[in-house]
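The values are calculated or read from the model by the stated rules, or taken from the named source; none is laboratory data. What you see is a predicted model, and the numbers here were worked out from it, not measured in a lab. Positions of Cβ are backbone-derived with ideal geometry, glycine not excepted, and every protein chain shown enters the neighbour counts.
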Amino acid sequence: MSDPDSVENLLFNETSRRNTDLVAGLIYEKPDLFNDIARIMLKNEEPFSRRAAWVMDTVSEQNPSLLEPWIPAIVDMLEKFSHDGMKRHSLRMLSRSEFPVASMVKIMNLCFDWLISPSESVAVKVYCMDLLYRISLSESGIREELRDSIEWRISEETPGFRNHGMKILKKLSKDLRDLHSAKEPAKKPFNGKG
């Protein structure tokens, strides 16, 4: 049995941390197998794509360079993923990756939609907050919208959302204060004359 076949067969076994670590271990030994896992993930076929996404997430945490060539394809597929696990792992990988500027608007729109959706899981919303906050560091124009979106949902959400949301709101508050003070014209020093 060739390596790609063995990796694929292992994905068919079960959904478990043990199995994920086993497949990840094979990829650490033979990094070329990452491409096989990525292709399975992008097929978007349950449950194997979700299992592959978990492996990709695990491996790319330690070796982010393996993920880089696959980021545009993940961004393209993001809105097609209906399973929470696919969204969660994809957002988590994107939240710690560089992605093309051309993809930023698509990512922002999806993340804002998922962040305010009552039907999305807390984990998806948390990674949406993280991604949007990271984008806001270079695109300051979305800071107020992100703040408003979190504040709008916070009373309706779980303690996990509220906890993470409060942390992001605290960062946004500081960022917005800094942004507004930078836009204010410099004050002339008081010289004692009327």
Scanning region 59-70 for residues that are within 16 Å of the chain's Cα centre (by Cα) and buried (at least 19 other Cβ atoms within 10 Å of the Cβ), the one nearest to Arg17 (Cα to Cα) turns out to be Val59
In region 136-157, anything of a type in the set (A, V, I, L, M), within 17 Å of the chain's Cα centre (by Cα) and surrounded by fewer than 21 Cβ atoms within 10 Å (Cβ to Cβ) is listed as Leu137, Ile142
His89 fails exactly one of (1) at pLDDT 95 or above; (2) of a type outside the set (Gly, Ala, Ser); (3) over 21 Å from Glu120 (Cβ atoms), namely (3)
When (1) surrounded by fewer than 20 Cβ atoms within 10 Å (Cβ to Cβ); (2) in contact (Cβ under 8 Å) with a residue 40 or more places away in the chain are applied to Met86, the one that fails is (1)
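From Asp130, Asp113, which residue is buried (at least 16 other Cβ atoms within 10 Å of the Cβ), of a type outside the set (A, V, I, L, M) and part of a helix (DSSP H, G or I)? Walk me through it before giving the result.
Working: Asp113 fails: buried (at least 16 other Cβ atoms within 10 Å of the Cβ).
Just a single option satisfies the conditions, and that option is Asp130.
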Within region 89-102, residues over 13 Å from the mean Cα position of the chain (by Cα) and part of a helix (DSSP H, G or I) come out as Val101, Ala102
ask   = Would a scan of region 78-88 turn up a residue that is among the hydroxyl-bearing types (Ser, Thr, Tyr) and assigned to a helix (DSSP H, G or I)?
value = no
Scanning region 145-162 residue by residue, those closer than 14 Å to Val126 by Cα and of a type in the set (Asp, Glu) turn out to be Glu151, Glu157
Taking first residues from region 35-52 that are on the phi > 0 side of the Ramachandran plot and second residues anywhere that are surrounded by 15 or more Cβ atoms within 10 Å (Cβ to Cβ) and not aromatic (Phe, Trp, Tyr), the pairs with Cβ under 9 Å that are 6 or more apart or on different chains are Asn44/Met77; Asn44/Met86
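What about Leu94, is it in contact with a Phe, Trp or Tyr (Cβ under 6 Å, 6 or more places away or on another chain) and under 22 Å from Ala38 (Cβ atoms)?
Numbers: in contact with a Phe, Trp or Tyr (Cβ under 6 Å, 6 or more places away or on another chain): no; under 22 Å from Ala38 (Cβ atoms): yes.
Judged against the criteria, Leu94 is not a match.
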If we keep only residues of region 109-132 that are of a type in the set (Gly, Ala, Ser) and in contact with a Lys or Arg (Cβ under 9 Å, 6 or more places away or on another chain), then the residue farthest from Gly85 (Cα to Cα) is Ser117
